[in-house]
Amino acid sequence: MKSLAEIYSHLPDAPSEKTLERVDYEARHWSSPIQGPLKPGTEEHKRAVAAMFRDTFNPYKPSVIDWPKLDPETLHRITSLPIWDIAVQTEGKARLRMAAYADMITDPDMKDALSRNAWEENRHKEVLTKLVEAYNIPMAPEPPYVTPKDTEWAYLVTGFSECVDSFFAFGLFALAERAGLFPKELIETFEPVMQEECRHILLFANWLAWHRATMPFWKRPWFELRVIGVWLFLAYERIGLARSIDENGEEHTQDNNFTVTGAKDITAMDISLPDLMQLCLDEDDRRFSGYDPRLLRPTTTPAIARAIIKGAKLWNCVRSKIAA
């Protein structure tokens, strides 16, 4: 039996040799050759999900990324973002949680997909670690990464958290690019990482549908209660700030909710909440547009964003009538 570290540190096979242009295109565009609908719970759906994740792999290497030199103002803007401790630690936990859940799955197709997901989470941690080293970002000591006692709960927390954070990160990333406050080279460096997050939540959404469809009916009520519990936990987790103390006794304040509230930290542009939500929706649609439309997409966070937009329009309408 493989150790969890082996699952997230070794790919099941060696990446094929492809040009960077071809790799980038194939990471964003994929359709299953299987004909007909891809209904969750069927062999066709499950095989398509596993094939999608395998075929869209991007073999970039964090160790050879050429981190661009930054001017003092940009460097300060990046190093002062309240996210780095949480970002590195989140990926450290995610790789272990993905590996632990992959280890307990018996289905070979889903085990393969989630094992690859664990490997990519480990690579995300390497990317962030290289960035922190390149720009001398002060970090609090990393806590020990412990194998989760409740593997399913830990996997659900990581999966739903990525669905929420990635949705808003897509919009913030586009906002940072439009504002021009970060150099083009840095944007291009992180672009494959952002698209990789899209693949991760595409996998999670389809795993979730497959898992629901194949579990015994008598387990379903308890599972749905756990899902509700995860959403409540994530809402609680995003209230306030996380604080940690480094070995020098200095406090590091990290924003758990940065992906929702971070627009003001990455751009001087004045953007309203409804406009930011629309940007997130547009970017979410754009990043998913190249994948087979028969595969399911995450729906909860986009639905919340649409509700915010509709609520803002209704409020503006009511306010204008009161003013008149």
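For segment 162-183, a residue qualifies if it is part of a loop (DSSP other than H, G, I, E, B) and either out of contact with any Leu (no Cβ under 8 Å at 6 or more places or on another chain) or modelled with pLDDT of 90 or more (or both), and the qualifying residues are 180, 181, 182. Listed by first and then second residue, the pairs with beta-carbon distance under 7 Å, at least 6 apart or on different chains, first residue in segment 49-73 and among the charged types (D, E, K, R), second surrounded by fewer than 18 Cβ atoms within 10 Å (Cβ to Cβ), are 55/26.
Among residues of segment 277-298 that are touching a residue at least 12 places away in the same chain (Cβ under 8 Å) and polar (S, T, N, Q), those with a beta-carbon under 8 Å from a residue that is crowded, with 19+ Cβ neighbours inside 10 Å and assigned to a helix (DSSP H, G or I) at least six positions away or on a different chain give the pairs 278/305. Here the condition is being within 18 Å of residue 70 (Cβ to Cβ), open to solvent by 30 Å² or more (accessible area, probe 1.4 Å) and out of contact with any helix residue (DSSP H, G or I) (no Cβ under 8 Å at 6 or more places or on another chain); of 185, 177, it holds for 185 alone. Can you confirm whether residue 136 is more than 21 Å from the chain's Cα centre (by Cα) and either assigned to a helix (DSSP H, G or I) or surrounded by fewer than 18 Cβ atoms within 10 Å (Cβ to Cβ) (or both)? Taking the combined requirement at face value, the residue satisfies it. Among (1) open to solvent by 20 Å² or more (accessible area, probe 1.4 Å); (2) of a type outside the set (Phe, Trp, Tyr); (3) in a helix (DSSP H, G or I); (4) at pLDDT 90 or above, which single condition is residue 149 missing? Of the numbered conditions (1) open to solvent by 20 Å² or more (accessible area, probe 1.4 Å); (2) of a type outside the set (Phe, Trp, Tyr); (3) in a helix (DSSP H, G or I); (4) at pLDDT 90 or above, the odd one out for residue 149 is (3). Set side by side, the residues 96, 186 differ, and just one is part of a helix (DSSP H, G or I), farther than 25 Å from residue 296 by Cβ and at pLDDT 90 or above, which is 96. Could you list, in sequence order, all residues of segment 290-306 that are open to solvent by less than 80 Å² (accessible area, probe 1.4 Å) and either under 19 Å from the mean Cα position of the chain (by Cα) or modelled with pLDDT under 95 (or both)? Passing the criteria: 290, 291, 295, 296, 297, 298, 300, 301, 302, 303, 305.
Of the numbered criteria (1) among the polar types (S, T, N, Q); (2) outside any helix (DSSP H, G or I); (3) within 22 Å of the chain's Cα centre (by Cα), the one residue 106 fails is (3). Each residue in segment 307-324 was checked for being more than 26 Å from residue 160 (Cα to Cα) and either in contact (Cβ under 8 Å) with a residue 24 or more places away in the chain or open to solvent by less than 80 Å² (accessible area, probe 1.4 Å) (or both), and 5 pass. Among the conditions (1) within 24 Å of residue 210 (Cα to Cα); (2) outside any loop (DSSP other than H, G, I, E, B), the only one that residue 78 does not satisfy is (1). Residue 224 meets all of the listed conditions (1) touching a residue at least 40 places away in the same chain (Cβ under 8 Å); (2) over 18 Å from residue 92 (Cα atoms); (3) more than 15 Å from the chain's Cα centre (by Cα) but one, namely (1). A single member of 70, 38 is surrounded by 18 or more Cβ atoms within 10 Å (Cβ to Cβ), at pLDDT below 90, over 22 Å from the mean Cα position of the chain (by Cα) and more than 24 Å from residue 9 (Cα to Cα), and it is 70.
The values are calculated or read from the model by the stated rules, or taken from the named source; none is laboratory data. Owing to the predicted nature of the structure, the values given are computational and were not obtained by experimental measurement. FYI the Cβ positions are ideal-geometry reconstructions off the backbone, even for glycines, and counts take in every protein chain you see. Heads up: the accessible areas ignore ligands, DNA and RNA and are worked out on the full protein's heavy atoms, side chains in. Shrake-Rupley method; radii C 1.70, N 1.55, O 1.52, S 1.80 Å.
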